[in-house]
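Peer 1: This is the structure I have questions about; it appears just below.
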Amino acid sequence: MTIEKLKIGEFAKRAGVTPRTVRYYESLGLLGPSEREGTGFRYYTEVELAKIQKINVLKELGLSLEEISTVIPLYFEDPTGVRGKQRVLEILRLHLQETEDKIGALQQFRSELKTNIDRIQQWLDERTQAM
């Protein structure tokens, strides 16, 4: 069985990204060519295609590229996917807590805004009625 080797343009097309995105992911260590020719051509296989597809799924879940860089190796070191999913779950729980904290802070801010608006409106109403 021969493994199909793709140049960066064809690989990017099959992955649904641009060659620039592929190079960027490589610069972050998320992805790498499976082979590099002496002429500088990068070649990619189904393994890299699976990685970039997993990166896209993780991005859709809301993980940052930095977070993905800690998760992606787990999926490819552990074929069951358990370790990767456990780490994703930890990250998503942290995101949820941060979101809950932000919502709480925004609700507090909203309450303070309403109080200030009511106080200023009352002051203006009192001044305009006295005129």
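Every residue, every condition in (1) on the phi < 0 side of the Ramachandran plot; (2) modelled with pLDDT of 95 or more; (3) in contact with an Asp or Glu (Cβ under 7 Å, 6 or more places away or on another chain); (4) of a type outside the set (A, V, I, L, M), yes or no:
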{"site": "G16", "(1), (2), (3), (4)": "no, no, no, yes"}
{"site": "S27", "(1), (2), (3), (4)": "yes, no, no, yes"}
{"site": "G40", "(1), (2), (3), (4)": "no, no, no, yes"}
{"site": "Y44", "(1), (2), (3), (4)": "yes, no, no, yes"}
{"site": "E90", "(1), (2), (3), (4)": "yes, yes, no, yes"}
{"site": "L94", "(1), (2), (3), (4)": "yes, yes, no, no"}
{"site": "Q97", "(1), (2), (3), (4)": "yes, yes, no, yes"}
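Peer 1: Among the candidates L89, L63, L113, single out the residue that is surrounded by 10 or more Cβ atoms within 10 Å (Cβ to Cβ) and touching a helix residue (DSSP H, G or I) at 6+ places or on another chain (Cβ under 7 Å).
Peer 2: Residue meeting the stated conditions: L63.
Peer 1: Of the numbered conditions (1) surrounded by 14 or more Cβ atoms within 10 Å (Cβ to Cβ); (2) over 22 Å from the mean Cα position of the chain (by Cα), V71 satisfies every one except a single condition; which is it?
Peer 2: Here V71 meets the rest and fails (2).
Peer 1: Which pairs do you get when a residue that is closer than 19 Å to T99 by Cα and among the charged types (D, E, K, R), found in the range 59-75, comes within reach of a residue that is modelled with pLDDT under 95 and crowded, with 20+ Cβ neighbours inside 10 Å, reach meaning Cβ atoms under 9 angstrom, with the pair 6+ apart or on two chains?
Peer 2: Going by the 9 Å Cβ cut-off, there are no qualifying pairs.
Peer 1: Where in the range 21-131 are there helices (runs of 4 or more DSSP H), lying wholly inside it, with at least 3 residues that are within 24 Å of E4 (Cα to Cα)?
Peer 2: The qualifying helices (runs of 4 or more DSSP H) are 46-60, 65-77.
Peer 1: Hey, W123 hits all of (1) farther than 27 Å from E10 by Cβ; (2) under 19 Å from the mean Cα position of the chain (by Cα) but one; which does it fall short on?
Peer 2: Answer for W123: the failing condition is (2).
The values are calculated or read from the model by the stated rules, or taken from the named source; none is laboratory data. Being a predicted model, the structure only gives us computed values, none of them experimental. Positions of Cβ are generated from backbone atoms using ideal geometry, with glycine treated the same way; all protein chains shown enter the neighbour counts.
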